[in-house]
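Q: After the structure tokens below, expect a handful of questions from me.
Every number here is computed from the coordinates shown, using simple stated rules; none is lab data. Since the model is a prediction, treat every value here as computed from it, not as a measurement. When we count neighbours, we look across all protein chains shown, and the Cβ atoms used for this are built from the backbone with ideal geometry, even at glycine.
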């Protein structure tokens, strides 16, 4: 065999620096999005817990009013809920008829950026 040479063609393997930077950027953006979603979900749970507690406190106060005698059902000014300093309650009683009282119980609590409230209404009849 007469002077045959084998020429190897070298193909570079690996990634360029630009490809690595673009991949790092995409991973960073994805991680930021996941962390932001987790953060919103975490604080959203607290909001739901506060709402559920406020609703339970409102229902409890409404049951107390319903269990009282007709003559003792009266309005009360907004005041802190005993044992729950972050919540305030107000009871408003109106009498659309002599033997009927409409009772509205509202519970208030603070959230970032303002105040939230939940309200329930019932009627009490003089038997």
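Q: Measuring from centroid to centroid over Cα atoms, what is the spacing of segment 87-111 and segment 33-83 in Å?
A: For segment 87-111 versus segment 33-83, the Cα centre distance is 14 Å.
Q: Just order 98-109, 58-69 by mean Cβ neighbour count inside 10 Å, highest at the front, would you?
A: Averaged packing, sorted descending, gives the order 98-109, 58-69.
Q: Assuming a viscosity of 1.306 mPa s and a temperature of 10 °C, what translational diffusion coefficient in µm² per second does Stokes-Einstein assign to segment 17-125, Rh being the Kirkwood radius over Cα pairs?
A: Once the numbers are plugged in, D ends up at 93 µm²/s.
Q: Order of 13, 78 from fewest to most other C-beta atoms within 10 Å?
A: Final ranking by Cβ density, sparse to dense: 13, 78.
Q: Testing the spin-label approximation: label points 7 Å from Cα along Cα→Cβ at residue 32 and residue 80. State their distance in nm.
A: 4.2
Q: When only Cα pairs under 8 Å and 6 or more residues apart are kept, what is the percent relative contact order across the chain?
A: So the answer I get is 18 percent.
Q: Which three extents, in whole angstrom, do the alpha-carbon atoms of segment 64-112 cover along their principal axes, largest first?
A: The principal-axis extents, from largest down, are 42, 19, 14 Å.
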